[in-house]
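Step one of this worksheet: look at the structure below.
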Amino acid sequence: MTRTAWVDASAGVAGDMLLAALLDAGADLASVRSAVAAVLPGEVELRTEPVLRAGQSALRVLVGATGMPPERTWADLRARLVAADLDPRVRALALPAFELLAEVEATVHGVAVEQVHFHEVGAWDSVADLVGVCAAVVDLGVDRVTCGQIGLGSGSVRTQHGLMAVPVPAVLGVLAASGLPVAADDGLAGECATPTGVALLAVLVESPAPGPVGRVLGVGVGAGTRDTRGRANVTRVVLCSPVGGGGREGGDLPVESLVEVAATVDDLDPRVWPEVVAALLARGALDAWTAPVLMKKGRPGTVVTALVAPGDRPAVVDVLLAHTSTLGVRWHEVRRAALHRSWRDLDVLGDTVRVKLGHRGGRIVSATPELEDCRALASRTGTPLRVVLRLAEAQAQSAGWGPGAAI
Ligand SMILES: O=C([S-])c1cc(C(=O)S)c[n+]([C@@H]2O[C@H](COP(=O)(O)O)[C@@H](O)[C@H]2O)c1
Ligand code: NI
């Protein structure tokens with residue numbers, strides 16, 4: 001399925017901000033870690049933490065170096081990237097991004113590109129961010145990236161070459177080489193776009209776009225290091241699928257892209273399954289269920305499946321790995337057409353019971369009293385649940401919410 005990502009870099013972009021935004025949008029942290037480890041084996045640790053930026057929730061990526069990185073030339077780093085056990089699609093994005101940075105640094109500092117030193121192409125954490133972003137884009141299955149105007153910032157920043165005016169020379173070099181759109185007067189203070197951030201956009205972005213186009217599948221918000229007041233220091237990524245066939249895919253019904261995450265298990269104490277399903281729902285699954293299967297050698301087993309929005313997949317994978325005995329989890333994308341839904345309140349036996357209406361084309365298709373409300377009412381009044389349910393259904397009909405009624 002075609003999937004696009006629109007990058008909102010209006011408040012700036014750095015390698016770690018873009019990586020955090022992609023992870024927040026649902027990229028798999030384990031896949032990102034393994035790509036980074038393929039290039040920097042045992043040398044960096046990558047973790048994430050939820051933070052607030054000007055009151056907005058965002059994800060932050062923290063890269064820790066496990067030792068003192070040796071200084072390397074671009075030629076050394078390129079050899080590393082070529083030899084690394086990387087997905088070829090990740091390598092195909094990472095190499096040109098580093099190459100662009102190396103060429104720009106060579107021009108700025110007046111040295112041969114092969115001799116550009118590693119600290120000039122970016123420190124260890126920038127390498128991790130850059131490889132991580134490429135791995136995250138591949139993991140998300142994004143096949144087209146667009147971006148809006150980039151906020152560059154203003155003032156100056158201290159680098160190992162002394163104080164540099166913002167935008168720093170390497171950022172300007174990347175912008176000149178790529179034609180990326182920048183904001184005319186972004187009103188931002190400090191360095192908001194870094195060389196690594198813009199080099200990544202230069203390689204990833206196919207065309208500029210003022211906003212996301214299509215159906216929004218997920219949003220990721222990546223935090224910058226500073227928490228500036230009044231404007232969130234974040235890069236955002238909006239994942240979209242195209243509105244195919246003029247929106248007729250689901251007829252008049254909205255169609256969503258969701259993910260089914262599943263595992264097949266034959267050695268879990270069966271008394272645990274209700275907790276597993278509850279944990280999946282608690283971590284964002286829209287629905288979760290188990291089904292009995294007969295596995296190899298005639299062993300009885302269970303398939304547990306969770307239906308999730310793409311951004312909630314990593315959390316649900318974690319639940320399956322932690323709460324069941326499975327060694328692996330699989331997933332695939334599914335399309336869901338759903339009735340429009342709305343809620344009404346109904347007075348039943350002196351209590352409020354919520355009724356979920358399913359409707360289509362302005363007509364009610366179904367009216368379902370909320371089971372939890374009926375259960376609470378049944379226990380409070382001592383009435384059998386089946387009686388409360390029948391009563392609520394009948395009252396919903398009398399309230400004019402029967403099938404075919406206008407909503
Ligand atoms: O170290 C060098 S040579 C250096 C050069 C430049 C130029 O613009 S040239 C800029 N910087 C600054 O380093 C940090 C890190 O940038 P990343 O892209 O690696 O995140 C940033 O403040 C740059 O402006 C360093
Ligand atoms: Ni430099």
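Each reported figure results from applying straightforward, stated rules to the coordinates on display, with no laboratory input. In this text, all values refer to a predicted model and were calculated from it rather than measured experimentally. Virtual Cβ from ideal backbone geometry, glycine too; neighbours counted across all protein chains shown.
For each of Cys374, Cys192, count neighbouring Cβ atoms within 10 Å of the residue's Cβ, then give the residues from fewest to most. Let's see the in-between values first.
Values: Cys374 24, Cys192 30.
The fewest-first ordering by Cβ neighbours comes to Cys374, Cys192.
Taking a ≥ b ≥ c as the square roots of the Cα gyration tensor eigenvalues, with a/c under 1.5 meaning rounded and otherwise prolate when a/b beats b/c, else oblate, which class fits region 4-247?
Rounded, since a/c falls under 1.5.
Apply the Kirkwood formula to region 159-287: the hydrodynamic radius equals the inverse of the mean of 1/r over all pairs of different alpha-carbon atoms; give it in Å with one decimal.
On the way: mean 1/r = 0.0510 Å⁻¹.
So the Kirkwood estimate lands at 19.6 Å.
Under the Karplus relation 6.51 cos²θ - 1.76 cosθ + 1.60, θ = phi - 60°, what is the ordered set of whole-Hz ³J(HN,Hα) values for region 149-155, x standing for Gly and Pro?
Each residue of region 149-155 in turn: 5, 8, x, 9, x, 7, x Hz.
Among all helices in the chain defined by DSSP H, which have a length of 30 Å or more along the axis from Cα atoms plus a Kyte-Doolittle mean of at least 0.0?
On the way: long enough: 88-109 (31 Å, 0.59).
Counting only whole DSSP H runs, the qualifying helices are 88-109.
Report, in deg cm²/dmol and to the nearest 500, the calculated mean residue ellipticity at 222 nm for the chain, where each DSSP H run with n ≥ 4 adds -39500 (n - 2.57) and the sum is divided by the residue count. Intermediate results must be reported in sequence, preceding the final value.
On the way: 12 runs with 139 residues, N = 407.
Result for the chain: -10500 deg cm²/dmol, rounded to the nearest 500.
When the Cα atoms of region 340-398 are enclosed in a convex hull and the volume is divided per residue, what value in Å³ results? Present the calculation step by step, with values, prior to reporting the outcome.
Working: hull volume 3.9 nm³, N = 59.
Residue-normalised Cα hull volume stands at 67 Å³.
Can you tell me how much longer the chain between Ser379 and Val111 gets when fully stretched, taken as 0.36 nm per residue apart minus their C-alpha distance, in nm with one decimal?
Stretched fully, the Ser379-Val111 segment lengthens by 88.6 nm.
Quick check on region 4-247: of the DSSP beta bridges with both residues there, what percent are antiparallel, nearest 5%?
Beta bridges within region 4-247, antiparallel portion: roughly 75 percent.
Using the per-residue mean of other Cβ atoms lying within 10 Å as a proxy for protection, in what order, highest first, do the peptides 26-39, 78-91, 299-312 fall? Please report the intermediate quantities before stating the final value.
Details: 26-39: 20.7, 78-91: 15.9, 299-312: 18.8.
Descending mean neighbour count gives 26-39, 299-312, 78-91.
How much FRET efficiency would the formula 1/(1 + (r/R0)^6) give for Trp343 and Arg390, where r is the Cβ-Cβ distance and R0 is 22 Å, rounded to 0.05?
0.60
Give, as a single signed number, the net charge of other residues whose beta carbon lies under 13 Å from the beta carbon of Leu62, with Lys and Arg counted +1 and Asp and Glu -1.
Details: positive: Arg33, Arg47, Arg60; negative: Asp16, Glu45, Glu49, Asp125, Asp129.
For residues surrounding Leu62, the net value is -2.
Post the alpha-carbon centroid distance, region 108-163 to region 335-373, in whole angstrom.
50 Å
Going toward the positive end of the dipole of the chain, with +1 on Lys and Arg Cβ and -1 on Asp and Glu Cβ, which of Ala54, Ala35, Gly214 do you reach last?
Positive-most Cα among the choices belongs to Gly214.
With a ≥ b ≥ c the root eigenvalues of the C-alpha gyration tensor of region 69-178, is it rounded (a/c under 1.5), prolate (a/b larger than b/c) or oblate? Walk me through the numbers on the way to the answer.
Details: a/c = 1.96, a/b = 1.20, b/c = 1.62.
Note, shape of region 69-178 comes out oblate.
What is the distance in Å between the Cα centroid of region 279-314 and that of region 383-407?
Measuring centre to centre over Cα atoms gives 32 Å.
Going by C-beta contacts inside 10 Å, put Ser126, Ser398 in order with the fewest on the left.
So the ranking, lowest neighbour count to highest, is Ser398, Ser126.
Based on other C-beta atoms within 10 Å, arrange Leu281, Leu152 from fewest to most. Show your work: numbers first, answer last.
Details: Leu281 15, Leu152 22.
If I rank by nearby Cβ atoms, fewest first, I get Leu281, Leu152.
With the Cα gyration tensor of the chain in hand, give its eigenvalues times 5 under a square root as the equivalent ellipsoid semi-axes, listed largest first in whole angstrom. All intermediate terms of the calculation are to be shown ahead of the outcome.
On the way: eigenvalues 466, 135, 70 Å².
Taking √(5λ) for each eigenvalue gives 48, 26, 19 Å, largest first.
About the Cα centre of region 1-111, how large is the charge dipole given +1 on each Lys and Arg Cβ and -1 on each Asp and Glu Cβ? Please answer in debye to the nearest 20.
For region 1-111, the charge dipole is close to 180 debye.
Can you bin every Cα-Cα distance in region 1-147 into 10 Å intervals starting at zero and give me the percent of pairs per bin, rounded to whole numbers?
Reading upward from the zero bin: 11, 40, 35, 13, 1.
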